[in-house]
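Just below is one structure, and these are the notes that go with it.
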Amino acid sequence: MESTVQILFLINDAPYGTEKFYNACRLAMTIHKEQSEVEVNVFLMADAVTGALVNQNTPQGYYNVERMLKAIINKGGQVKLCGGCINARGVATLQFIEGCTRSNMSELAQWSVEAVKVFTF
């Protein structure tokens with residue numbers, strides 16, 4: 001039996017202001033769409049953890065990372081958030097997207113060694 005290929009997307013940038021978060025999600029979604037044998041893992045660190053907050057309200061025609069993360073999760077991707085980064089930003093009591101889970105450096109380390117590729121944004 002073949003093992004699944006794992007790719008890790010490590011996102012550090014804030015969800016808006018630059019297009020790094022957006023481009024990471026675009027690539028993850030394209031890989032999901034075109035490479036069914038690939039398992040997509042997304043780890044949000046630093047200001048990127050705020051991209052997993054619910055009820056984002058972006059202008060019409062502007063990308064929305066909440067919807068993009070939901071699409072990744074709905075296709076079977078995993079999204080984890082750095083717990084220390086959540087605490088440092090004071091957002092631990094806010095609501096995060098269903099399917100996004102609080103995590104830690106040990107899980108990031110495990111994902112990193114299991115991944116055949118790691119993309120950082």
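Just so you know, all these numbers are worked out from the coordinates, no wet-lab data involved. Since this is a predicted model, take the numbers as computed values, not measurements. Virtual Cβ from ideal backbone geometry, glycine too; neighbours counted across all protein chains shown.
When the helices in the chain are scored as -39500 (n - 2.57) per DSSP H run of 4 or longer and the sum is shared across all residues, what 222 nm value do you end up with, to the nearest 500 deg cm²/dmol?
-10000 deg cm²/dmol
Roughly how tilted is helix 65-74, in degrees to the nearest 10 and between 0 and 90, from the longest Cα axis of the chain?
Taking Cα atoms only, the helix is inclined about 30 degrees.
Given charges of +1 on the Cβ of Lys and Arg and -1 on the Cβ of Asp and Glu, with all other atoms neutral, how large is the dipole of the chain about its Cα centre, in debye to the nearest 20?
260 debye
Normalising by the residue count of the range 47-121, find the relative contact order in percent from Cα pairs under 8 Å and 6+ residues apart.
The normalised contact order for the range 47-121 reaches 32 percent.
Can you tell me the 0 to 90 degree angle between the C-alpha axis of helix 105-114 and the longest principal axis of the chain, rounded to 10?
That works out to roughly 30 degrees.
Binning at 10 angstrom from zero up to the longest distance, how are the C-alpha pair distances of the chain distributed in percent?
Pair shares across the bins are 14, 49, 31, 6, 0.
I'd like the orientation of helix 20-34 relative to the chain: the angle between its Cα long axis and the longest Cα principal axis, in ° from 0 to 90, rounded to 10.
40 degrees
Which Cys residues of the chain have no other Cys beta carbon under 4.7 Å away?
Flagged as lacking a Cys partner: C25, C100.
I want to verify a result. In a Gaussian network model of the chain, Cα cutoff 10 Å, which of these has the top mean-square fluctuation: E34, E19, E98?
Highest fluctuation of the listed residues: E34.
Taking the number of other C-beta atoms within 10 Å as the exposure measure, put T50, T58 in order starting with the fewest.
Fewest to most other Cβ atoms nearby, the residues stand as T58, T50.
Under 10 Å, Cα contacts only: if you run a Gaussian network model on the chain, which one of L94, L81, L69 comes out with the highest mean-square fluctuation?
L94
Among DSSP beta bridges lying fully in the chain, give the percent that are antiparallel, nearest 5.
For the chain, the DSSP antiparallel bridge percentage is about 5.
What's the longest uninterrupted piece of the chain once you rule out the trypsin sites (Lys or Arg not before Pro) that are loop residues per DSSP with at most 15 other Cβ within 10 Å?
Here the longest run is 1-74.
I'd like the FRET efficiency for Q56 and A88, computed as 1/(1 + (r/R0)^6) with the beta carbon distance as r and R0 of 22 Å, rounded to 0.05.
Here the calculated transfer efficiency is 0.60.
Suppose the chain between S112 and E19 were pulled fully straight at 0.36 nm per residue; how much longer would it get relative to their current alpha carbon spacing?
The S112-E19 span can extend by a further 31.1 nm.
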